[in-house]
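Some notes on the structure that comes next.
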Amino acid sequence: MTNSDGETSHEDTHTESNNGRPPTIRSRPRRLVSYLRHNRTRILTDTAVLVAWVLVVSSIFSWLDLPNWLLYVVIFAGVVVYARATPTWERPYQSPD
């Protein structure tokens, strides 16, 4: 299939054979591997951002000598805001369950 720029688009063959739906994977270990491979970049990005958030906030609170309970509230609030602001991870398959 070519688009308006004359470039060829490559679509997954398993999507076309299932009427536009992702394939059904019955094996739980294979579903896990497929999920992790599909979301690998997002998982690493999310982990890096959250680790950086915790380190920066902890350093600031330590430097300013603020109470620990407030540190935990700020870290928790930052994680919640980040989770709400970013899209969810996707499943590249259909579960038979």
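The values are calculated or read from the model by the stated rules, or taken from the named source; none is laboratory data. Note that the coordinates shown come from a computational prediction; the quantities given were computed from them, not determined experimentally. Heads up, the Cβs are rebuilt from the backbone with ideal geometry, glycines too, and the neighbour counts pull from every protein chain shown.
Only a single criterion out of (1) of a type in the set (A, V, I, L, M, F, W, C); (2) part of a helix (DSSP H, G or I); (3) modelled with pLDDT of 95 or more is not satisfied by residue 33, namely (3).
Got at least one residue in the stretch 70-91 being touching a residue at least 24 places away in the same chain (Cβ under 8 Å) and of a type in the set (Asp, Glu)? Steps first, please.
At the first step, the residues of the stretch 70-91 found to be touching a residue at least 24 places away in the same chain (Cβ under 8 Å) are 78-79, 82, 86, 89-91.
Those still in the list that are of a type in the set (Asp, Glu) too: 90.
There is at least one residue in the stretch 70-91 that is touching a residue at least 24 places away in the same chain (Cβ under 8 Å) and of a type in the set (Asp, Glu).
Would you be able to tell me the number of residues in the stretch 48-71 that are of a type in the set (Gly, Ala, Ser) and under 23 Å from residue 86 (Cβ atoms)? Steps first, answer last, please.
Here is the first cut: in the stretch 48-71, the residues of a type in the set (Gly, Ala, Ser) are 48, 52, 58-59, 62.
With the extra rule that they be under 23 Å from residue 86 (Cβ atoms), the set shrinks to 48, 52, 58.
Total satisfying the criteria: 3.
For the stretch 82-96, filtered to residues that are part of a loop (DSSP other than H, G, I, E, B) and touching a helix residue (DSSP H, G or I) at 6+ places or on another chain (Cβ under 9 Å), the residue that is surrounded by the most Cβ atoms within 10 Å (Cβ to Cβ) is 93.
Among residues that are at pLDDT 95 or above, of a type outside the set (Gly, Ala, Ser), surrounded by 13 or more Cβ atoms within 10 Å (Cβ to Cβ) and part of a helix (DSSP H, G or I), residue 79 is included.
Taking residues in the stretch 24-47 that are surrounded by 12 or more Cβ atoms within 10 Å (Cβ to Cβ), and partners anywhere that are assigned to a helix (DSSP H, G or I) and of a type in the set (Lys, Arg), the pairs with Cβ atoms closer than 9 Å and at least 6 places apart or on different chains are 25/31.
Here the condition is being farther than 21 Å from residue 21 by Cα, surrounded by 13 or more Cβ atoms within 10 Å (Cβ to Cβ), among the hydrophobic types (A, V, I, L, M, F, W, C) and at pLDDT 95 or above; of 64, 71, 55, it holds for 71 alone. State yes or no: is residue 20 of a type outside the set (A, V, I, L, M) and modelled with pLDDT under 95? Yes.
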